[in-house]
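Okay, structure first, notes after.
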Amino acid sequence: MESPVLRIENFCAGFDSNQVLKDINLSILRNKITAVMGPSGCGKTTLIRCINRMHELIPNANVSGKILLDEQNIFDLDPIIVRRKIGMVFQRPNPFPTMSIYDNVIAGYNLNGIRISKGDKDRIVEESLKKAALWDEVKDALHRKGTFLSGGQQQRLCIARALAMDPEILLLDEPTSALDPKSTAHIEELVVHLKDAVTIIQVTHNIPQAARISDFTAFIYLGELVEFGPTEKLFTVPKDKRTEEYLTGKFG
């Protein structure tokens with residue numbers, strides 16, 4: 001069995017006395033897509049915000065347990081280093097509105113004060129936009145603002161921005177929930193294509209989407225990891241009654 005790129009051990013997180021995540025244990029395999037499913041408010045987004053050290057930016061937030069990236073506890077590392085290795089794309093496309101498409105892609109370098117040559121910037125912008133399947137659509141408009149793009153294109157620009165830092169893991173928080181069906185299909189196709197280059201953890205409410213694109217699925221309910229396993233197995237023969245009830249739409 002290959003060693004996981006990310007291991008979550010006895011992990012809890014919350015705010016003050018409110019425990020949002022309770023004793024999560026989960027191993028994420030490299031170059032696979034892991035879907036994190038569950039009803040609203042069950043802790044899915046909190047989990048991925050913990051994985052790239054964003055949860056702790058909220059006042060009164062707390063965590064306990066370990067999250068190991070390549071066997072290193074991320075809580076022993078500088079959060080900026082963690083966020084370089086673990087990129088994140090949010091629910092609503094959020095290109096920086098005052099920046100051009102080019103500057104959006106390279107923003108991580110500029111914001112972190114990482115100096116690279118103009119030639120490297122040009123190469124990274126082109127490679128990242130190609131990986132995000134956006135290059136052909138924007139290559140003649142790189143110095144226009146990213147806000148003129150459609151919603152689906154803006155989301156792919158945000159994916160390109162995350163990929164520009166060459167992360168090991170890409171976190172996607174419901175990346176298609178604000179998009180129309182055609183743009184959603186585009187992003188799903190892109191995500192499947194990207195797993196050769198990067199490990200993907202995707203939070204989704206969309207049960208058919210998880211079935212279509214993920215290799216593994218974690219089902220979280222009321223802050224607990226109810227079940228985790230290969231997607232096909234979890235969807236066809238779930239071990240836990242709560243998983244079965246969620247998948248058949250009895251709650252959610």
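The values are calculated or read from the model by the stated rules, or taken from the named source; none is laboratory data. Quantities reported herein were computed from a predicted structural model and do not represent experimental measurements. Positions of Cβ are backbone-derived with ideal geometry, glycine not excepted, and every protein chain shown enters the neighbour counts. These accessible areas exclude ligands, DNA and RNA; they are computed on the full protein's heavy atoms, side chains included. Shrake-Rupley method; radii C 1.70, N 1.55, O 1.52, S 1.80 Å.
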Of the residues in the stretch 212-252 that are open to solvent by 50 Å² or more (accessible area, probe 1.4 Å) and aliphatic (A, V, I, L, M), the one that is nearest to the chain's Cα centre (by Cα) is LEU222
Taking the stretch 34-81 and the residues there that are part of a strand (DSSP E or B) and not hydrophobic (A, V, I, L, M, F, W, C), the one that is surrounded by the most Cβ atoms within 10 Å (Cβ to Cβ) would be THR34
Among the residues of the stretch 148-171, the number that are among the polar types (S, T, N, Q) and open to solvent by 70 Å² or more (accessible area, probe 1.4 Å) is 0
Condition set under 19 Å from the mean Cα position of the chain (by Cα) and assigned to a helix (DSSP H, G or I), scope the stretch 88-109, selection surrounded by the fewest Cβ atoms within 10 Å (Cβ to Cβ): answer is ALA107
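I want to confirm something. Restricting to the stretch 129-158 and keeping residues that are in a helix (DSSP H, G or I) and of a type in the set (D, E, K, R), which single residue is farthest from HIS205 (Cα to Cα)?
Step one: filter the stretch 129-158 for residues in a helix (DSSP H, G or I), giving 129-131, 135-138, 146-148, 151-158.
This time we only want the ones that are of a type in the set (D, E, K, R), so: 130-131, 136-137, 156.
On the way: LYS130: 28, LYS131: 25, ASP136: 31, GLU137: 29, ARG156: 20 Å.
Ranking the qualifying residues of the stretch 129-158, first place goes to ASP136.
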When you look at ARG84, is it in a helix (DSSP H, G or I) and over 26 Å from LEU247 (Cβ atoms), yes or no? yes
Only one of (1) modelled with pLDDT of 95 or more; (2) open to solvent by less than 20 Å² (accessible area, probe 1.4 Å) does not apply to THR204, and that is (1)
